[in-house]
Amino acid sequence: AQSVTQPDIHITVSEGASLELRCNYSYGATPYLFWYVQSPGQGLQLLLKYFSGDTLVQGIKGFEAEFKRSQSSFNLRKPSVHWSDAAEYFCAVGPLEYGNKLVFGAGTILRVKS
Amino acid sequence: SQTIHQWPATLVQPVGSPLSLECTVEGTSNPNLYWYRQAAGRGLQLLFYSVGIGQISSEVPQNLSASRPQDRQFILSSKKLLLSDSGFYLCACSGTSYEQYFGPGTRLTVT
């Protein structure tokens, strides 16, 4: 069955430090992969997506992610974290079946300390 | 690009009262539409999705229902709310590469 695992529920990073959020997926075909960010009380915003081509994809807000098929991973990275990056991050894979649904991970809450 | 509107933004309703949450989409036509719920401290739960007018698929049996009376309008309803219906409700629409775009959400508190 298709699934997404985000092993870290919480991560704390110092402002200016680098960040890597982990995402592992299980999917029977070539996946479409996504990272979203959600600030408290708001909707989800798409950071980046991968569906073919270069395995290193650039997104908004200075984020990038690397698709590694052999490891079934799609980790999100940022070289220097800003306090405004504190939020919850969701990885997703799809499409699933009729309706082009996505499967979302449980999320990783990022805290940024000054 | 797509813009998703949801209202109301917040709602406090007593147990047993009816519910109607509305979602409208701009900037696209014939999208797939989705209703999700986030309970406090938990991830996203897909409730309903729709691939066209009048076509609704339910993911989780519950006392909620959904309708799509127009191409870019998606409504979430209940005849009698339960305490467990409290949560943050998100509407989303499909993009061109299977991504989904989300609205700002509705915070529902059932008292």
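Buried surface between chains A and B: roughly 1800 Å² of accessible area, summed over both sides, computed with a 1.4 Å probe on protein heavy atoms only.
The fraction of all Cα pairs in segment B:1-67 landing in successive 5 Å bins from 0 to the largest distance is 3, 13, 21, 27, 22, 10, 4, 1, given as whole percents. Considering only alpha-carbon pairs that sit under 8 angstrom and 6 or more positions apart, the relative contact order computed for chain A is 37 percent.
Quick one: of A:K101/B:K80; A:K68/A:K113; A:K78/A:K113; A:K101/B:K79; A:K49/A:K113, which pairs are farther than 25 Å apart, Cα to Cα?
Checking Cα-Cα distances, A:K101/B:K80; A:K68/A:K113; A:K101/B:K79; A:K49/A:K113 exceed 25 Å.
Across segment B:56-65, rounded Karplus estimates of 3J(HN,Hα) from the backbone phi angles (6.51 cos²θ - 1.76 cosθ + 1.60, θ = phi - 60°) give 10, 10, 9, 9, 9, x, 5, 8, 9, 9 Hz, Gly and Pro being marked x. Neighbouring Cβ atoms from other chains, within 10 Å of the Cβ of residues in A:41-47, number 6 on average.
At 1.4 Å probe size, with every protein chain present, just tell me what the per residue accessible area of the protein assembly as shown comes to in Å². Please list the in-between numbers first.
Working: 10490 Å² over 225 residues.
Heavy-atom SASA per residue in the protein assembly as shown reads 47 Å².
Any chance you could check the Cα centroid distance between segment B:35-111 and segment A:63-114 for me, in angstrom? With segment B:35-111 and segment A:63-114 each reduced to a Cα centre, they are spaced 22 Å. Run the numbers on segment B:63-111: which residues show a drop of 30 Å² or more in accessible area, chain on its own versus all protein chains together, using a 1.4 Å probe over heavy atoms? Buried-area filter returns B:F88, B:S97, B:Y98, B:E99, B:Q100, B:F102.
Among the cysteines of the protein assembly as shown, B:C93 have no other cysteine beta carbon within less than 4.7 Å of their own. Nonpolar atom fraction for the protein assembly as shown, defined as the carbon and sulfur part of the 1.4 Å probe accessible area, stands at 50 percent.
The spread of Cα positions in chain A, taken along each principal axis and listed from longest to shortest, comes to 44, 30, 22 Å.
For segment A:23-30, 3J(HN,Hα) computed residue by residue from phi via the Karplus equation (6.51, -1.76, 1.60; θ = phi - 60°) reads 8, 10, 10, 10, 7, x, 9, 5 Hz, glycine and proline entered as x.
Residues of segment B:3-24 with the amide nitrogen closer than 14 Å to a label point 7 Å from the Cα of B:T111, along Cα-to-Cβ, please. Residues passing the 14 Å test: B:11-17.
Ordering B:K79, A:K61 by accessible surface, largest first, gives B:K79, A:K61; the 1.4 Å probe counts only protein heavy atoms, with every chain in place. The accessible area of B:E59, taken with all protein chains in place and a 1.4 Å probe, comes to roughly 80 Å². The value of relative contact order for chain B, using C-alpha pairs under 8 Å at least six residues apart, is 37 percent. Quick one: pull the percentage of alpha-carbon pairs in the protein assembly as shown with a separation above 29 Å. Here the tail beyond 29 Å accounts for 28 percent of pairs. Mean partner shielding of peptide B:41-48, defined as the number of other chain Cβ atoms within 10 Å of each residue Cβ, is 4.
The values are calculated or read from the model by the stated rules, or taken from the named source; none is laboratory data. Values in this document were obtained by computation on a predicted structure and should not be read as measured data. As a convention, Cβ positions derive from the backbone with ideal geometry for all residues, glycine included, and neighbour counts pool all protein chains shown. Accessible surface is based on the protein model in full, side chains and every heavy atom, while ligands, DNA and RNA are left aside. Shrake-Rupley method; radii C 1.70, N 1.55, O 1.52, S 1.80 Å.
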